Amino acid sequence: MPPSISNNELDLIAAAALQSVLAGQFQLPARPASSAEVAQSKAAGPAWTGSVELQGEELAGRVWLQSPGPWIESLNGSLGNGGADPAAREGECLDLAGELCNMMAGRIAAGLAAAGCRYTLSTPTVIRAAPPPAPPGGKTSQTCWTCAGGVLTLTVWISR
C-alpha cells in the first residue's frame, strides 16, 4: 500500500525541493516547463540522470533527476570546473549530476518525513541516458522544469 500522501502533496514536495536546491545552491530560478519546451528538450541529445534510492522501514522510493548534457556541462563550468582534459570534465559532470540529485532527494526525504514517511538515502548513481520508468504501483510525481536554458525532469516514486 502506498504511503498516505496524495499525488498533489508529492508534486508539491518535489517542486519545493527542486526550486530550493537550484535557487539556494546555484542562484538559478526554475519554472515549470511548457509542453513545447519538453518536446524540444527530448531532441537535444544525451542527458545525465542522477538516481537516489529512498530506503525506509517497509517503505521504498527513488528520485531521478534528468538534466541535459549541455546544461550540466555549463553549470559545471560556472562552478569553476571544466579544464582542458575531456575525461576530467566528464568525471566532474558525473559528480555534479549525482550531487544535484542527492541534494534534491535529501529535500524530498525531509518533506516526506514531515508527512510521516521516513527514509534514508542511498549513494547517488548516474547514467548518461534517460531514466528507466518508475516501477508499477505506489505513487509517482514527474515534473519538468526550465532552468537556465535547460529542461530538467524530476521523478519521485514512493511505495509501501
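Which whole-number percentage describes the relative contact order of the chain, with Cα contacts under 8 Å and a sequence gap of 6 or more?
Averaging sequence separation for qualifying contacts and normalising by length gives 38 percent for the chain.
Fully extended, how many nm does the chain gain between Ala23 and Ala88 (0.36 nm per residue separation, minus their Cα-Cα distance)?
Fully extending the segment from Ala23 to Ala88 adds 20.7 nm.
Would you calculate the volume per residue, in Å³, of the smallest convex hull containing every Cα atom of region 7-159?
104
Every number here is computed from the coordinates shown, using simple stated rules; none is lab data. This is a predicted model, so every value here is computed, not measured.
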